[in-house]
1. State whether the residues of the range 54-65 include one that is part of a loop (DSSP other than H, G, I, E, B), in contact with a Leu (Cβ under 6 Å, 6 or more places away or on another chain) and surrounded by fewer than 19 Cβ atoms within 10 Å (Cβ to Cβ).
2. Do the conditions hold for Tyr95, that is, is it within 12 Å of the ligand (Cβ to nearest atom), in contact (Cβ under 8 Å) with a residue 12 or more places away in the chain and either under 14 Å from the mean Cα position of the chain (by Cα) or open to solvent by 30 Å² or more (accessible area, probe 1.4 Å) (or both)?
3. Mind checking which residues of the range 98-122 are touching a residue at least 60 places away in the same chain (Cβ under 8 Å) and under 27 Å from Arg21 (Cα atoms)?
4. I need a count of the residues in the range 98-144 that are small (Gly, Ala, Ser) and more than 14 Å from the ligand (Cβ to nearest atom).
5. Suppose the filter is at pLDDT 95 or above, surrounded by fewer than 14 Cβ atoms within 10 Å (Cβ to Cβ) and basic (Lys, Arg); does Arg108 pass it?
6. Output the residues belonging to the range 39-56 that are over 12 Å from Leu147 (Cβ atoms) and either within 13 Å of the ligand (Cβ to nearest atom) or small (Gly, Ala, Ser) (or both).
7. Name, by its number, the condition in (1) touching a Gly at 6+ places or on another chain (Cβ under 7 Å); (2) within 14 Å of the ligand (Cβ to nearest atom); (3) open to solvent by less than 40 Å² (accessible area, probe 1.4 Å) that does not hold for Leu147.
8. Please go through the range 89-121 and pick out each residue that is assigned to a loop (DSSP other than H, G, I, E, B) and not basic (Lys, Arg).
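The values are calculated or read from the model by the stated rules, or taken from the named source; none is laboratory data. Note that the structure is a prediction, hence the values are computed from the model and not measured. Neighbour counts are summed over all protein chains in view; Cβ atoms, including those assigned to glycine, are modelled from backbone coordinates with ideal geometry. Calculation scope for accessible area: heavy atoms of the full protein, side chains included, ligands and nucleic acids excluded. Shrake-Rupley method; radii C 1.70, N 1.55, O 1.52, S 1.80 Å.
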Amino acid sequence: MLVTLEGIDGSGKTTVWEALRDAPVVPDEAVFTREPTGSWYGDAVRRSIGDDDADSLAELFLFTADHADHLSRTVRPALEDGKLVISDRYSDSRYAYQAASLDGVLKRPMEYIQGVHSPFTRPPDATLYFDVDPRTGAERSGVTNKLERAGYLSAVRSNYERLVSAEPERFVRIDATQSPEAVVEAAERALERLL
Ligand code: TYD
């Protein structure tokens, strides 16, 4: 089973991802992974994120290359071994973030990005969506790069909302404005129900 954690920057999902490692509901052999990954593809992505002048379409393909490598090297082998995989960010991050970056560059960017993924990706079985307003998200994340600015995050959040509406059965919405302890607790309960 593949469970992904999604939300705008500052939603606290990385804190949850870390806390879930020790959660009693999570089997010991579960695989914890993330995008961007720690591979050289992920390094290329981080270089691009740090460059205010990076081409948005080129950036989409870097993220997508990292995803392809993540799937073949980590996600598919773990799933074939019957393991639970918990990924901090996954394909929905492209559908939400790069659809916002490519708004005005491409026609119907979200559909385009989903179309690029669909022939090879492995969709998540369930997605915990950590919902926080863009101002809180931008404040919490401290705006360290172009992808974390409040105006941009508000477009990203609208895209997440579109994804949730399109597939309400896949998403579990978690109120991420609560205290970190309450958010972790809500995520553990959601995971317990899913497993
Ligand atoms: P993130 O996992 O939030 O890294 P960190 O914990 O170091 O902040 O990802 C880095 C940034 O990349 C974040 O602003 C979200 C963005 N991102 C995309 O724009 N598209 C993607 O497909 C992914 C995986 C991340």
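1. No: zero hits.
2. Yes; evaluated as a whole, the condition is true for this residue.
3. Arg122
4. 4
5. So Arg108 fits the description; yes.
6. Ser39, Tyr41, Gly42, Asp43, Ala44, Arg47
7. Of the numbered conditions (1) touching a Gly at 6+ places or on another chain (Cβ under 7 Å); (2) within 14 Å of the ligand (Cβ to nearest atom); (3) open to solvent by less than 40 Å² (accessible area, probe 1.4 Å), the odd one out for Leu147 is (1).
8. Of everything in the range 89-121, those that are assigned to a loop (DSSP other than H, G, I, E, B) and not basic (Lys, Arg) turn out to be Tyr90, Leu102, Gly104, Val105, Ser118, Pro119, Phe120, Thr121.
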